[in-house]
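Working notes, beginning with the structure itself.
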Amino acid sequence: MLKEGIIASPGIAIAKAFVYDKVEVEVTEKKVDDPEAEVARLQAALENSKEQILKIKEKAARDLGEEEAEIFEAHAMVLDDPEFVDSITAEINTNGVNAEFAVKTVTDRFFEMFDMMDDPYFSARAADIRDVGTRVLNNVMGVENVDISCLDEDTIIVADDLAPSDTAQMDKARVKGFATNIGSRTSHTAIMARSLEIPAVLGLGDITAAVKNGDTVVVDGLKGQAVINPTEDELAAYKKQQEDYQAYIKELAELKELEAVTTDGHRVELVGNIGSPNDTDGVHKNGGRGVGLYRTEFLYMNSDTMPDEEKQYEAYKAVIESFDGDPVIIRTLDIGGDKKLPYLPLEEEMNPFLGFRAIRLCFREVDMFKTQLRAILRASAFGNALIMFPMISGVSEVRQAKGILAECMKELDEKGQAYDKNIRVGVMIEIPSAAVTSDIIAREVDFFSIGTNDLCQYTLAVDRMNQEVSYLYNPLHPAILRLVKTVIDASHAREGLFTGMCGEMAGDPMATLILLGLGMDEFSMSASSIPQVKKIIRSVSYEDAKAIAEKALNLETGEEVKEMVQAKIAELGIKIV
């Protein structure tokens with residue numbers, strides 16, 4: 001039996017199934033006569049939960065590394081968050097309800113707040129809230145789940161979903177792959193699977209109903225499939241694919257120290273997208289030569305209060321120093337609309353993605369904006385930092401942002417604080433009006449970085465989260481390719497300017513040849529995507545790539561573009577997995 005799902009971590013895994021069926025607790029509302037006793041139950045559960053999380057963090061640090069262990073630092077912070085804990089206590093005291101109902105009510109409220117956000121990173125943080133809340137709930141009710149920390153044989157974990165704490169505790173020597181009913185590429189299940197370098201396919205719908213303990217399962221993380229009880233011939237074919245994939249991974253690893261240069265000598269930059277200093281290790285490990293997008297909003301989202309200048313300065317400085325002169329592009333705060341901060345009240349909007357967010361918010365909250373700019377400027381003294389403004393719709397916004405930056409420079413000069421006086425300034429091109437007028441904006445900036453996620457959404461009028469229209473979302477649509485070319489040409493028309501791309505398209509191997517041929521100077525992506533993109537670039541001549549891009553620009557549909565690229569990849573003998 002074959003099931004189709006979402007590729008979360010590549011590779012082929014073959015092993016016996018272990019159906020991880022966690023206890024689902026029933027929670028009912030009960031009115032209580034002694035709220036103090038319920039609060040005491042809650043406090044005991046919180047303390048127990050914190051002890052468990054710290055133990056899991058220690059195990060994760062040993063088995064997975066410090067970077068992945070930081071997830072559980074975030075979990076511990078949830079338990080220390082006054083807004084989360086005090087809200088549960090308030091439910092008990094104000095409404096006179098039992099502790100378990102109060103925990104579930106508040107957890108659901110916080111989960112929904114994060115889950116509704118369009119940004120896949122933030123919506124994935126909802127899983128953290130759910131995991132912590134479920135842990136507290138289980139401790140309040142005295143519920144224990146199946147232990148997967150010690151397994152007797154090689155195993156494929158089959159589950160409805162896997163929380164970060166599940167993946168951190170499982171027996172790493174025995175777990176060969178994951179297959180779940182739900183999940184996405186940006187969920188912690190996917191992140192953990194990639195960190196462990198084990199295949200995972202998520203979003204399989206009803207895999208837990210189709211599999212029973214002991215069934216042989218193949219997790220095909222190359223095609224996004226799970227095969228239950230394959231035939232002998234199928235099994236032999238998958239084992240061969242498994243061997244081929246391991247050989248390919250070894251081949252990619254050997255490229256780490258090599259440049260991203262075509263066969264005829266054209267060089268581009270491959271850099272990483274990060275959200276915190278903890279993400280830099282992945283970029284280094286995969287051969288990235290800098291950061292093309294530092295999403296600074298995570299610093300704000302992971303804080304109970306507005307992060308001050310010193311806290312931001314230390315975070316930016318740590319990243320800049322870790323790259324020892326390689327470029328680090330720091331995007332200023334991109335919050336608002338779908339991404340909200342509990343300590344920065346914003347009104348509800350009918351169209352949040354077209355509304356009060358990013359640079360628009362910063363222009364109103366000037367003190368907050370200047371605090372961030374001063375922190376970035378001070379950190380720039382320690383390496384090669386660049387500043388990038390998001391959600392720019394036209395040149396007037398660029399000038400306004402640069403004016404505020406100049407004020408910050410003057411303030412630092414008056415205090416005698418060091419910074420890079422020649423720091424380069426750029427903008428994200430994610431609004432069609434900015435792409436169309438990029439020749440005008442180019443007179444004011446040092447670089448462009450194309451944010452294809454929003455550029456596609458705005459250009460094609462497609463809400464990526466709407467299942468009814470998501471099929472229309474296609475980065476290879478001729479309109480997107482033509483806008484990308486417009487931006488690249490505008491930057492190349494002025495000496496010293498460059499164009500990068502930091503959207504998902506930059507790490508998509510199906511787009512690499514076209515972007516290369518269009519003249520893209522920098523590709524910024526998830527760290528794990530860097531080796532394969534480098535392999536493709538090193539396998540083709542720049543002249544061939546330009547011919548492919550030219551042909552793509554003259555095709556009529558995104559489907560035709562994809563078919564053409566697939567044919568060219570096969571013709572050139574380039575392997576993509």
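The values are calculated or read from the model by the stated rules, or taken from the named source; none is laboratory data. Predicted model only: the values in this text are computed from it and were never measured. Don't worry about glycine lacking a Cβ; one is built from the backbone with ideal geometry, like all the others, and counts go over all protein chains shown.
Just a few scattered comments:
- Taking the criterion of being of a type in the set (A, V, I, L, M, F, W, C), in a loop (DSSP other than H, G, I, E, B) and over 27 Å from L497 (Cβ atoms), the only residue of the stretch 536-568 that qualifies is L555.
- Verdict on A490 being farther than 20 Å from I441 by Cβ and surrounded by 20 or more Cβ atoms within 10 Å (Cβ to Cβ): no
- Qualifying residue in the stretch 482-499 (condition: among the hydroxyl-bearing types (S, T, Y) and touching a Pro at 6+ places or on another chain (Cβ under 9 Å)): no
- Exactly one residue among V19, V27 is assigned to a strand (DSSP E or B), β-branched (V, I, T) and closer than 22 Å to N138 by Cβ, and that residue is V19.
- Residues being in a loop (DSSP other than H, G, I, E, B) and in contact with an Asp or Glu (Cβ under 8 Å, 6 or more places away or on another chain) - total across the stretch 414-427: 0
- Answer from V533, V540 - the residue that is of a type in the set (V, I, T) and more than 20 Å from G451 (Cβ to Cβ): V540
- Tally of residues being polar (S, T, N, Q) and either outside the structural domain of E504 (by TED's automatic domain parsing) or touching a residue at least 60 places away in the same chain (Cβ under 8 Å) (or both) across the stretch 277-287: 2
- Test: residue in the stretch 262-277 that is surrounded by fewer than 21 Cβ atoms within 10 Å (Cβ to Cβ), under 14 Å from E522 (Cα atoms) and acidic (D, E): yes
- Hey, Q532 under 24 Å from the mean Cα position of the chain (by Cα) and outside the structural domain of G292 (by TED's automatic domain parsing) or not: yes
- Count - residues of the stretch 27-46 that are surrounded by fewer than 13 Cβ atoms within 10 Å (Cβ to Cβ) and either of a type in the set (S, T, N, Q) or within 30 Å of V175 (Cα to Cα) (or both): 1
- Taken over the stretch 493-521, the criterion of being among the hydroxyl-bearing types (S, T, Y) and within 21 Å of the chain's Cα centre (by Cα) is satisfied by T512 alone.
- Here A527 fulfils each of the conditions (1) farther than 20 Å from I392 by Cα; (2) at pLDDT 95 or above; (3) among the aliphatic types (A, V, I, L, M) apart from (2).
- The stretch 438-478 - residue that is more than 24 Å from A406 (Cα to Cα) and among the β-branched types (V, I, T) and, of those, surrounded by the most Cβ atoms within 10 Å (Cβ to Cβ): I450
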